[in-house]
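**Q** Handing you a structure now.
The values are calculated or read from the model by the stated rules, or taken from the named source; none is laboratory data. Keep in mind the model is a prediction, meaning the values are calculated, not measured. Cβ sites come from the backbone with ideal geometry, for glycine too, and all protein chains shown count toward neighbours.
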Amino acid sequence: MEPLGLYLHVPFCVDRCTYCSFATTRDRSLQPDTVRRLLLEIIEWGTALGRPTVDTLYLGGGTPSLLSPEELADLTGAVRESFDVSPLVEATFEANPGTVDLAWLRQARDLGWDRISLGVQALDDGLLARLGRIHGTRQALESLELAEGAGFHRRSADLMVGIPGQSLSKVIEDARTLAATGIEHLSIYLLDLDKACPLRAEIDAGRLALPTEDEVADVFEALQVELPLLGLAPYEISNFARSGAESIHNTRYWKRRPYLGLGPSAASQLGDFRWTETGIIPAWTGGRGEVDFQELQPVEILGEIPLLGLRLHRGVDWEAFRRQADTLDLRPVCDAWETRLRVLEKEGLAAWEGDRVRLSARGMLVSNGILGMFI
Ligand code: SF4
């Protein structure tokens, strides 16, 4: 079996951000039972799959940096015992400023975690307050420094675009400040508001306004120019990295490599099967949650290759894709998509280079509309 990516979801946060729609809670009384259940799941899945190999690890959330040192050690130990991590090439954990200290970070490093992804979101105290973040600008920059001091040479930060009141020049200024800290990776997320979140209610009530689509497109366009000048080259629609510092774990999603996700709301994909655990935390912890299980059909499997692969700047090896289509007896479908991609090339939205096809910079800006054809 191909090595897996293992994702563990830690669904706890100090407070709830005003834009958040993830499966998280600030009810920390659930934490001990949830960690116990995670430990059990790690052991049971490791046994059921015959101690499979894992080459990337990702501890996400929520705020994994809220785990106690003992909980982090227990989870890491259980993974090492239940899975063969000898081919491990990357072990990332997410953290939020205001929840990490040097001792915790040093311990994480000693346990073998080698990459930190820090939720910075913005370097503006007013915007951070609007987002309901628990930290300010100073803490975000201090956390990046602390991580470096603890031995994390692989540091990534998240920056958000589309916050009400955020200007284009401020996004560029924040990107410059973050690049100057020496981070190797930057993820740029568009603020995406669920209808139930408090920030959406503020906008619906007319008290705040989202930027227009054109304004957001301008920001993304400007970042495509600015970030490479800062040493952070785009390798995926929302991700920028120094050479050789792309996220190996996240790239596996775009390449459709197998992954196992454990924890509330965690998703897994093994072979032709995909499933998502319940996001209701007490139900998951109590082993009562429903699992959303899906057996993928051949045309879905085929469509996901360009749907995900064209998010990457290197695009898709279309010759290999054709062979896969032949294996699945779906060559006409492949040919129809190719015809449309050739038209997109004439419109300047896609580019063919030998056997590979990728979206152009302009194509990336309207990728939602293009990638929809593969669904
Ligand atoms: S830190 Fe992240 S997961 Fe937690 S509430 Fe904020 S947005 Fe949601």
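**Q** Looking at the range 167-185, is at least one residue closer than 22 Å to Ala23 by Cα, under 23 Å from the mean Cα position of the chain (by Cα) and either in the same structural domain as Leu146 (by TED's automatic domain parsing) or surrounded by 13 or more Cβ atoms within 10 Å (Cβ to Cβ) (or both)?
**A** Of all residues in the range 167-185, those closer than 22 Å to Ala23 by Cα come to none.
Checking the range 167-185: not a single residue is closer than 22 Å to Ala23 by Cα, under 23 Å from the mean Cα position of the chain (by Cα) and either in the same structural domain as Leu146 (by TED's automatic domain parsing) or surrounded by 13 or more Cβ atoms within 10 Å (Cβ to Cβ) (or both).
A quick yes/no check of all residues on (1) out of contact with any strand residue (DSSP E or B) (no Cβ under 7 Å at 6 or more places or on another chain); (2) touching a residue at least 24 places away in the same chain (Cβ under 8 Å):
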site	(1), (2)
Gln269	no, no
Thr285	yes, yes
Gly303	yes, yes
Leu307	yes, yes
Asp326	yes, no
Arg331	yes, no
Leu349	no, no
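Conditions tested, residue by residue: (1) under 18 Å from Leu4 (Cα atoms); (2) without any contact (Cβ under 8 Å) to a residue 12 or more places away in the chain; (3) within 16 Å of the ligand (Cβ to nearest atom).
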| residue | (1), (2), (3) |
| --- | --- |
| Leu49 | yes, no, no |
| Thr56 | yes, no, no |
| Thr63 | no, no, yes |
| Ala73 | no, no, no |
| Val85 | yes, no, no |
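**Q** Can you find, within the range 1-31, the residue that is farthest from the ligand (Cβ to nearest atom) among those that are farther than 30 Å from Pro87 by Cα and outside any loop (DSSP other than H, G, I, E, B)?
**A** The qualifying residue farthest from the ligand (Cβ to nearest atom) is Ser29.
**Q** Going by the conditions given, is Asp101 assigned by TED's automatic domain parsing to the domain that holds Ile42, out of contact with any Ser or Thr (no Cβ under 8 Å at 6 or more places or on another chain) and not small (Gly, Ala, Ser)?
**A** Details: assigned by TED's automatic domain parsing to the domain that holds Ile42: yes; out of contact with any Ser or Thr (no Cβ under 8 Å at 6 or more places or on another chain): yes; not small (Gly, Ala, Ser): yes.
Criteria met by Asp101.
**Q** May I ask you to list pairs of residues, at least six apart or on different chains, whose Cβ atoms are under 7 Å apart, with the first in the range 25-41 being over 16 Å from Cys13 (Cβ atoms) and the second being within 14 Å of the ligand (Cβ to nearest atom) and outside any helix (DSSP H, G or I)?
**A** Pairs that qualify, where the first residue is over 16 Å from Cys13 (Cβ atoms) and the partner is within 14 Å of the ligand (Cβ to nearest atom) and outside any helix (DSSP H, G or I), are Leu38/Gly263.
**Q** With a cut-off of at least 3 residues that are more than 16 Å from the ligand (Cβ to nearest atom), name the helices (runs of 4 or more DSSP H) lying wholly within the range 90-184.
**A** Working: elements: 102-110, 125-130, 137-149, 168-180.
Answer list for the range 90-184: 102-110, 137-149, 168-180.
Results for (1) under 19 Å from Leu190 (Cα atoms); (2) over 20 Å from the mean Cα position of the chain (by Cα); (3) assigned by TED's automatic domain parsing to the domain that holds Glu246, shown as yes or no for each residue.
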{"position": "Pro87", "(1), (2), (3)": "no, yes, yes"}
{"position": "Val120", "(1), (2), (3)": "yes, no, yes"}
{"position": "Ala129", "(1), (2), (3)": "yes, yes, yes"}
{"position": "Asp158", "(1), (2), (3)": "yes, no, yes"}
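**Q** Specify the residue that is nearest to Ser265 (Cα to Cα); the eligible residues are those in the range 11-37 that are surrounded by 20 or more Cβ atoms within 10 Å (Cβ to Cβ) and in contact with a Leu (Cβ under 6 Å, 6 or more places away or on another chain).
**A** Phe12
**Q** State all residues of the range 40-99 that are small (Gly, Ala, Ser) and either in contact with a Cys (Cβ under 9 Å, 6 or more places away or on another chain) or farther than 27 Å from Gly136 by Cβ (or both); if no residue qualifies, say none.
**A** Start the filter on the range 40-99 by keeping residues that are small (Gly, Ala, Ser), which leaves 46, 48, 50, 60-62, 65, 68, 73, 77-78, 82, 86, 91, 95, 98.
Selection gives Gly46, Ala48, Gly50, Gly61, Gly62, Ala73, Gly77, Ala78, Ser82, Ser86, Ala91.
**Q** For residues that are in contact with a helix residue (DSSP H, G or I) (Cβ under 8 Å, 6 or more places away or on another chain) and among the acidic types (Asp, Glu), tally how many sit in the range 28-54.
**A** Here the count works out to 1.
**Q** Just the residues that are surrounded by fewer than 21 Cβ atoms within 10 Å (Cβ to Cβ), touching a residue at least 24 places away in the same chain (Cβ under 8 Å), assigned to a helix (DSSP H, G or I) and not charged (D, E, K, R), please, taken from the range 221-249.
**A** Correct list: Ala222, Gln224, Ile248.
**Q** Then there is this: Quick check: is even one residue across the range 193-210 assigned by TED's automatic domain parsing to the domain that holds Asp55 and part of a strand (DSSP E or B)? Let's see the steps before the verdict.
**A** Filtering the range 193-210 for residues assigned by TED's automatic domain parsing to the domain that holds Asp55 gives 193-210.
Those left that are additionally part of a strand (DSSP E or B): none.
No, because not a single residue in the range 193-210 is assigned by TED's automatic domain parsing to the domain that holds Asp55 and part of a strand (DSSP E or B).
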